[in-house]
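To start, the structure under review is shown below, and the notes come after it.
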Amino acid sequence: MSLHSKISLAIHGGAGTILRSTMTPELQAQYENGLQDALDIGYHILEKGGSSLDAVEASVRSLEDFPLFNAGRGSVFNHEGKHEMDAAIMDGRTNAAGALCSVSGIRNAVSLARAIMERSEHVLLSGRGAEVFAKEQGLQFEDDAYFFTPSRYQQLQEAIAEGRVQLDHTPDDKSEKKFGTVGAVALDAAGNLAAATSTGGMTNKRWGRIGDSPIPGAGTWADNNTCAVSCTGHGEYFIRAVVGHDIHCLMAYKGLSLQEACDILVFDKLQKAGGEGGLIAVDKDGNIAMPFNSEGMYRACRNSEGLNEVLIYKA
């Protein structure tokens with residue numbers, strides 16, 4: 001197996017109306033530390049020659065365990081006051097994928113996604129069936145108290161009072177929209193790409209609503225010939241635009257660079273349709289793109305050429 005000289009990892013913790021004016025220094029430091037920790041965990045795996053799949057799973061697990069991001073422990077409440085989690089993982093070497101939606105109680109949805117990919121003959125499992133499979137695989141569950149965060153509960157009460165679904169805003173700014181999703185993309189030393197995405201969805205969501213995160217080709221995509229992509233934003237628009245796969249197609253069939261392809265989706269196709277959000281992507285050469293058309297996106301990246309960035313706002 002020939003080894004690449006370059007390894008790359010990018011992660012995100014959601015996009016939206018993230019303003020310096022409403023961010024305290026203490027809270028910003030917490031977000032930045034959470035991103036850096038997740039970045040380091042995944043990158044150390046790549047540094048030791050580990051797989052891109054192991055790296056993206058480890059980074060996303062770290063973000064799921066961090067209560068400020070809308071995935072795992074920090075997941076938002078649905079209309080019934082419960083947590084419903086969605087996730088996906090994809091292997092660029094084989095195009096194998098595993099995904100789940102509307103699952104409650106699972107501590108790390110990304111690990112369930114990987115178990116579905118590697119230990120079942122299916123791609124996407126939902127709800128109760130996915131939970132049964134997870135228990136059969138010995139994956140860790142937590143009680144409701146583990147997922148309870150006061151700020152998320154406050155968001156639910158406001159959303160119910162106002163009779164609307166919310167895209168994850170903070171209680172002190174009604175105009176603020178945050179698209180709470182976490183994700184990771186990586187290129188390992190063997191030249192394999194992988195992507196993973198995990199989310200708690202929308203505050204006050206009803207009727208088993210599912211976004212783009214667990215849909216391969218929409219919110220999550222990986223193909224060794226082109227790129228790995230993880231999206232965050234208004235999921236309905238990302239599903240309609242088939243964002244992850246469309247970036248792959250622009251690169252594979254039109255010969256566009258990673259940045260060119262990502263920019264077309266984020267700043268042209270999505271924006272014209274009214275879709276807000278962003279994405280992280282890495283190509284087969286280790287180039288990284290992290291475009292977004294919202295006010296901010298929690299994001300970080302690191303590679304073997306010395307790049308190590310943790311960013312929140314527009315440049």
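The values are calculated or read from the model by the stated rules, or taken from the named source; none is laboratory data. Owing to the predicted nature of the structure, the values given are computational and were not obtained by experimental measurement. Cβ coordinates were reconstructed from backbone atoms using ideal geometry, including for glycine residues, and neighbour counts include every protein chain displayed.
Computed values, structure above
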read-out: Of all residues in region 51-86 being among the β-branched types (Val, Ile, Thr) and in a helix (DSSP H, G or I), the one that is nearest to THR232 (Cα to Cα); value: VAL60
read-out: Boolean, ILE89 is in a helix (DSSP H, G or I), farther than 30 Å from GLY163 by Cβ and aliphatic (A, V, I, L, M); value: no
read-out: Spans of helices (runs of 4 or more DSSP H) in region 242-298 with at least 2 residues touching a residue at least 24 places away in the same chain (Cβ under 8 Å) and surrounded by fewer than 21 Cβ atoms within 10 Å (Cβ to Cβ); value: 243-254, 258-263
read-out: Top-ranked residue in region 67-85 [being farther than 16 Å from GLY105 by Cα and not aliphatic (A, V, I, L, M); ranked as surrounded by the most Cβ atoms within 10 Å (Cβ to Cβ)]; value: PHE69
read-out: Sole residue being under 14 Å from the mean Cα position of the chain (by Cα) and either at pLDDT below 95 or over 18 Å from GLU276 (Cβ atoms) (or both), chosen from TRP221, TRP207; value: TRP221
read-out: Qualifying residue in region 300-312 (condition: in contact with an Asp or Glu (Cβ under 8 Å, 6 or more places away or on another chain) and either β-branched (Val, Ile, Thr) or surrounded by fewer than 17 Cβ atoms within 10 Å (Cβ to Cβ) (or both)); value: yes
read-out: Breaking point among (1) at pLDDT 90 or above; (2) in a helix (DSSP H, G or I); (3) over 24 Å from GLY244 (Cβ atoms), for GLU118; value: (3)
read-out: Tally of residues being in contact (Cβ under 8 Å) with a residue 60 or more places away in the chain and either surrounded by fewer than 12 Cβ atoms within 10 Å (Cβ to Cβ) or part of a helix (DSSP H, G or I) (or both) across region 121-160; value: 9
read-out: Residue within region 36-52 that is without any contact (Cβ under 8 Å) to a residue 40 or more places away in the chain, surrounded by fewer than 19 Cβ atoms within 10 Å (Cβ to Cβ), among the basic types (Lys, Arg) and out of contact with any Lys or Arg (no Cβ under 6 Å at 6 or more places or on another chain) present; value: yes
